[in-house]
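Quick notes on the structure that follows.
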Amino acid sequence: MKPQWSDAGKMRKAAVLSCLVLCSVLLGGCWDRREVNDVAFVMGTGLDKEGDQYRVTMQIALPGQLGSSGSTGGGGGTSGTKSYYLESRTGPSFRGASTEEQRGVSRTLNYSHRRVLLFSEELAREGISNMMDVLTRIPQNRLSSLVVITKGTALDMLQADAPIEQYPAEMVRELNYSYMKKPRSIKLLMNSILLEGVDPAVPVMSLVKNGPSNLKDKKTNIQVDGLAVFRKDRVTGIIDNHLSRFLMLGMDQAKDMEIFITPPKGSGYLSVHLIENSVHFKPYVHGDDIQMTIQLNCNGNVRENETTFDISNEVNLKWLEQQVERQIKKDLGEAIQVIQQKYRSDVLGLGRVIITSLPNEWKRIKPRWDQLYPKVEVTINPIVHIENIGAVTKPFGIKKEQIQNE
């Protein structure tokens with residue numbers, strides 16, 4: 001006999017079949033696929049201002065050319081075939097120019113691999129907040145992309161030969177990491193702009209030739225030229241490469257910093273490489289009298305001694321440590337005076353120190369902080385300890401009777 005199905009059983013069977021049909025529809029997950037061959041990966045973006053228009057330049061990777069820089073490209077390898085393609089258009093806004101670029105590119109622009117974002121100095125002096133909206137609004141944009149200010153146009157920077165790396169955007173990224181402990185990403189930059197009591201500071205880069213005019217096969221390279229200091233979202237000035245390194249020491253961002261000291265007698269230099277440093281701020285507020293003490297603790301090694309000065313002597317080594325301390329105090333003090341008096345930029349975050357340490361005092365002085373900040377008296381107390389003077393304890397190649405022991 002054939003089994004008899006009840007009405008309830010038939011309904012359960014129909015429900016199971018319906019679920020299976022629906023699941024088969026949901027499992028067809030290839031409907032929105034996008035092949036790699038249909039995507040153009042943007043590795044770097046440069047922004048310039050031309051009249052009332054924005055010029056956006058995008059550096060797009062060419063996967064077929066991403067071989068070694070000495071054989072198949074790399075933006076200046078032996079074959080001469082670059083590993084990237086530049087697309088540059090103008091528009092009324094950042095997004096408007098990007099939309100125009102998409103019209104001229106056969107593949108869909110993808111920003112999820114963008115390493116760097118370059119602003120020309122001219123544009124950054126007008127303010128950058130309005131251009132940041134699209135970067136935070138569209139999730140595909142990486143907030144970890146590093147920000148750089150360029151001397152000259154960002155377009156020229158993205159056209160550099162940069163033969164060591166596959167493309168200029170990668171060289172800009174690597175220079176950032178060799179220059180600062182924690183490079184300025186889009187996220188960190190926007191946090192500094194929005195955070196109360198601190199202003200942003202971003203590395204400045206420029207183009208340079210890789211040798212003298214008589215060098216064969218000259219290339220254009222990229223170098224760090226200093227630090228751009230902001231007031232809110234506008235660049236107010238650029239600190240030169242020498243002072244910027246001491247300023248970053250005060251910001252606790254200095255990396256691979258060397259200080260050159262002249263000996264008490266004779267010529268030449270002693271080079272001290274600071275390998276570790278820490279910074280502590282201590283505020284004092286009494287009425288409108290605001291003082292800030294910056295305590296720096298630095299450890300270093302001697303990298304070079306081209307003098308006749310004997311640093312293996314304990315007294316002489318102590319003298320060298322004191323000279324490094326004086327140099328830090330002098331140059332950091334000069335850098336602080338420039339950002340306080342000339343550029344009115346609080347990149348050290350003195351206001352932030354008062355907010356966290358003396359919140360009640362900050363509430364009182366906050367409305368007048370812009371007027372009080374240039375008058376803040378800053379005291380710098382550096383302490384330097386030289387841990388290692390190298391494998392050669394006395395000046396190499398100098399006769400014993402020529403060595404200075406005092």
ask   = With Cβ to Cβ distances under 10 Å as the rule, what net charge do the other residues near Val272 carry (K, R +1; D, E -1)?
value = -2
request  = List, in the order given, every pair from Lys187/Lys330; Lys49/Lys329; Lys255/Lys330 whose Cα-Cα distance in the structure shown is over 28 Å.
outcome  = Lys187/Lys330; Lys49/Lys329
query = Which of [x] 51, 31, 25; [y] 34, 30, 17; [z] 40, 26, 18 is the computed semi-axes √(5λ) of the Cα gyration tensor in Å for the structure on display?
reply = [x]
note = Final fewest-first order of Thr57, Thr220 on the 10 Å Cβ neighbour count is Thr220, Thr57
remark   = Under the helix-only model (-39500 (n - 2.57) for each DSSP H run of 4 or more, divided by the residues of the chain), the mean residue ellipticity at 222 nm, to 500 deg cm²/dmol, is -9000 deg cm²/dmol
task = Can you tell me which of 314-321, 291-298 comes out highest on packing, and rank the rest after it, using the mean Cβ neighbours within 10 Å?
result = 291-298, 314-321
request  = Rank by packing, highest mean first: peptides 207-214, 234-241, with packing defined as the count of other Cβ atoms within 10 Å averaged across residues.
outcome  = 234-241, 207-214
key: By average C-beta atoms within 10 angstrom, highest first, the peptides 165-173, 248-256, 260-268, 198-206   = 165-173, 198-206, 248-256, 260-268
request  = Could you tell me which of rounded, prolate or oblate describes region 35-250, using a ≥ b ≥ c as the square roots of the eigenvalues of the alpha-carbon gyration tensor, with rounded for a/c under 1.5 and, failing that, prolate when a/b is larger than b/c and oblate otherwise?
outcome  = oblate
query = Straight-line reach from Lys219: which aspartates and glutamates have a Cα under 14 Å away, not including same-chain ones fewer than 8 places off?
reply = Asp156, Asp161, Glu165
ask   = Using r as the Cβ-Cβ distance of Arg234 and Ser144, and R0 as 30 Å, what FRET efficiency do you calculate, to the nearest 0.05?
value = 0.80
inquiry  = Helix 241-250 against the longest principal axis of the chain: what's the angle in degrees, Cα atoms only, rounded to the nearest 10?
reply    = 80 degrees
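The numbers here are math on the coordinates, done by the rules we state, and not lab data. This one's a predicted model, so the numbers in the text were calculated from it and none came from an experiment. Note that each Cβ is placed from the backbone with ideal geometry, even for glycine, and that neighbours are counted across all protein chains shown.
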